Amino acid sequence: MTDPQIVLTERVQQALANAFGSEYADADPLIRPSQFADFQANVAMSLAKRLRRAPREVAETLKAALSDFPGTVEVSGPGFLNITLDDSWIASEAAEMLADPRTGVGTAAPSQTVVIDYSAPNAAKEMHVGHLRTTIVGDSLARVHELLGNHVIRQNHLGDWGTPFGMLIEHLLDIGEEAAIAQLEAGMGTEYYQAARAKFDSDETFKQRSRVRVTTLQSGDPETIRLWHVFMDATVRYFDKIYGLLGVTLTDADIAGESIYNPMLEKTCDDLQAAGVAVLSEGALCVFPPGFTGSDDKPLPLIIRKSDGGYGYATTDMAAVRYRVDDLKADRVLYVVGADQALHFRMVFAAARLAGWLPDTVSAEHVQIGMMLGKDGRRFKTRSGESIKLMDLLQEAVDRADALLDERGYDDATRAEIARAVGMGAVKYADLSVSHDSEYVFDFDRMLAFTGNTAPYLQYAQARIRSIFRRGDIDPATATGPITLGHPAERALALQVLGFGAVVEQVAALSEPHRLAAFLYATATTFTAFVENCPVIKEGVDPETRASRLALCALTLRVLHDGLHLLGVPVPDRM
């Protein structure tokens, strides 16, 4: 089974080749959904000038060349092709999709190794709302690529190294390991950091101890490394609580923090300098990738080693590029990082290509993450101006969802399970339903609504389908049809779900999960129209119609379930 739009694209391109020559076979047929037919092809309008013929004449020639076509083609207006597919073709494709264990989703050919750098909280501070988007967008992309058969390597690039760790380890010694662990495991990383910073700024003895500790850390002193592990292990245990609540697929095995690149940094600098890619400038070692200039029109440096001999983000990121290409054998590397880092990554990628570390055969892409805003249109913060702790935000989502279920008669355990699914689903879907590079307003009332383009609406749609099967005492797996299309709402639903496989491939190709969210919302609204117009198990429905409609319900259920799973949105059986 194939997405109708893909089928039509192939058929029209073949007709273009047959009618006008092979040089036109790769022209975009410009096929779009239409209110006058199933689809409209506008290629005749775009090719008319090139062919030196009237658009309508081009369209008529194309229509004649579209033989053996599963539907009807009509020319309208100045040269539009209105395409209507046969009901029998749609029904046959839907039945084939229902019988397919992968629900119409193909596999990547050839399979690629895709490294996805996402989440990446700073171990010295609390996870806040700014980490939400990078975590869930990256996790959705990982799920999609794995379904398509790509080899996915998750990389949680923790900020777990550098000069702040001198004062963090000294503060741990001051308050004791047990107290430090308790504080970090409780999610008080920001408070811990602030206390250490205050001492560093006010206590000269503490400041000196901290600087010495940085040196012992970087030199690999066993006791300092042990204390670093005490700090990191407690911090990661807290991160894991958040990942568990969110239902993301990151594990401790995916941690690839800045610390793993520390042994590579000196060689990174030496190799870049030896190759002439990096040069000394005002005491710092810099790469000047061509095409980057500052406000003064002077070449913009990517600083690989600071004038004091220290390393920065650029050093680590250059080492990471080489590691991911040479050691992980990446074909594609996705950096799911805030949009404010766009210039940095463009320069890193350009420098890595200049050095030959990022060959043309490997794609490095910055999946830019836009800012989360409050209702006032400003950066989402607490009333006191501080970043909102992610755990507090997620817990509030669950609490609000629980309140919505107050009068639905569930026992405490069931209610808690549904509230968690609805709360987490609402937060994640609200983010994933907008383009990842755009800003969006965080609004609990909107995202928890049971109407509109929200997770609760989609979750309720699949729960409603499950209730149909429960009322009929039918296992959805046994609803195999055959599928026949009589009512327009049946036809619309079958045609809609056929696009599932293609949209999943689009998400992988473009790194845009919001396309899948939009598709699932359209599927849910189309199903609502179907169930309102087409009784399924109601008395009086003939057996053949009942079997067909149950099969359509089963297929829609799988599309919604599988699609929401790819977004990381949980799907409760009941709502």
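The values are calculated or read from the model by the stated rules, or taken from the named source; none is laboratory data. Everything numeric in this text was worked out from a predicted model, so none of it was measured. Glycine gets a Cβ as well: all are built from the backbone with ideal geometry, and neighbour counts include every protein chain shown. Accessible surface is based on the protein model in full, side chains and every heavy atom, while ligands, DNA and RNA are left aside. Shrake-Rupley method; radii C 1.70, N 1.55, O 1.52, S 1.80 Å.
May I ask you to say which residue of ALA416, ALA421 is open to solvent by less than 20 Å² (accessible area, probe 1.4 Å) and in contact (Cβ under 8 Å) with a residue 12 or more places away in the chain?
After ruling out the rest, the residue left standing is ALA421.
Determine if region 368-390 includes at least one residue that is of a type outside the set (Phe, Trp, Tyr), open to solvent by 20 Å² or more (accessible area, probe 1.4 Å) and modelled with pLDDT of 95 or more.
yes
Out of all the residues in region 312-327, which are surrounded by fewer than 16 Cβ atoms within 10 Å (Cβ to Cβ) and either under 17 Å from ARG154 (Cβ atoms) or touching a residue at least 60 places away in the same chain (Cβ under 8 Å) (or both)?
Result: ASP327, single match.
Output the number of residues of region 228-278 satisfying the condition of being free of Cβ contacts under 8 Å to residues at least 60 places away in the same chain, under 18 Å from ALA182 (Cβ atoms) and either in contact with a Phe, Trp or Tyr (Cβ under 7 Å, 6 or more places away or on another chain) or open to solvent by 20 Å² or more (accessible area, probe 1.4 Å) (or both).
Of the residues in that region, 5 qualify.
Name the residues in region 51-86 that are assigned to a helix (DSSP H, G or I) and in contact with a strand residue (DSSP E or B) (Cβ under 9 Å, 6 or more places away or on another chain), would you?
Once the filter is applied, which keeps residues that are assigned to a helix (DSSP H, G or I) and in contact with a strand residue (DSSP E or B) (Cβ under 9 Å, 6 or more places away or on another chain), region 51-86 yields PRO55, ARG56, ALA59, GLU60, LEU62, LYS63.
Would a scan of region 518-538 turn up a residue that is free of Cβ contacts under 8 Å to residues at least 60 places away in the same chain, farther than 28 Å from LEU85 by Cα and open to solvent by 30 Å² or more (accessible area, probe 1.4 Å)?
Yes, region 518-538 has at least one match.
Working only within region 483-494, note down all residues that are in a helix (DSSP H, G or I) and surrounded by fewer than 21 Cβ atoms within 10 Å (Cβ to Cβ).
PRO488, ALA489, ARG491, ALA492, listed by residue number.
Testing ALA91 on (1) surrounded by fewer than 21 Cβ atoms within 10 Å (Cβ to Cβ); (2) modelled with pLDDT of 95 or more, one condition comes back false. Which one is that?
Of everything listed in (1) surrounded by fewer than 21 Cβ atoms within 10 Å (Cβ to Cβ); (2) modelled with pLDDT of 95 or more, ALA91 misses just condition (1).
Could you tell me how many of the residues in region 417-467 are among the hydroxyl-bearing types (Ser, Thr, Tyr) and within 19 Å of VAL129 (Cα to Cα)?
5
Report, by residue number, each residue of region 1-59 that is within 26 Å of THR103 (Cα to Cα), free of Cβ contacts under 8 Å to residues at least 40 places away in the same chain and polar (S, T, N, Q).
THR9
Hey, among the residues in region 94-124 that are assigned to a helix (DSSP H, G or I) and among the aliphatic types (A, V, I, L, M), which one's surrounded by the most Cβ atoms within 10 Å (Cβ to Cβ)?
My answer is ALA94.
Somewhere in region 305-325, is a residue in contact with a Pro (Cβ under 8 Å, 6 or more places away or on another chain) and not polar (S, T, N, Q)?
For region 305-325, residues in contact with a Pro (Cβ under 8 Å, 6 or more places away or on another chain) and not polar (S, T, N, Q): present.
Please determine, by comparing only the residues of region 158-193 that are outside any loop (DSSP other than H, G, I, E, B) and either hydroxyl-bearing (Ser, Thr, Tyr) or out of contact with any helix residue (DSSP H, G or I) (no Cβ under 9 Å at 6 or more places or on another chain) (or both), which one is surrounded by the most Cβ atoms within 10 Å (Cβ to Cβ).
TYR192
Return the residue satisfying two criteria in turn: it lies in region 449-482 and is in a loop (DSSP other than H, G, I, E, B) and touching a Ser or Thr at 6+ places or on another chain (Cβ under 7 Å), and of such residues it is surrounded by the fewest Cβ atoms within 10 Å (Cβ to Cβ).
Within region 449-482, the match that is surrounded by the fewest Cβ atoms within 10 Å (Cβ to Cβ) is PRO482.
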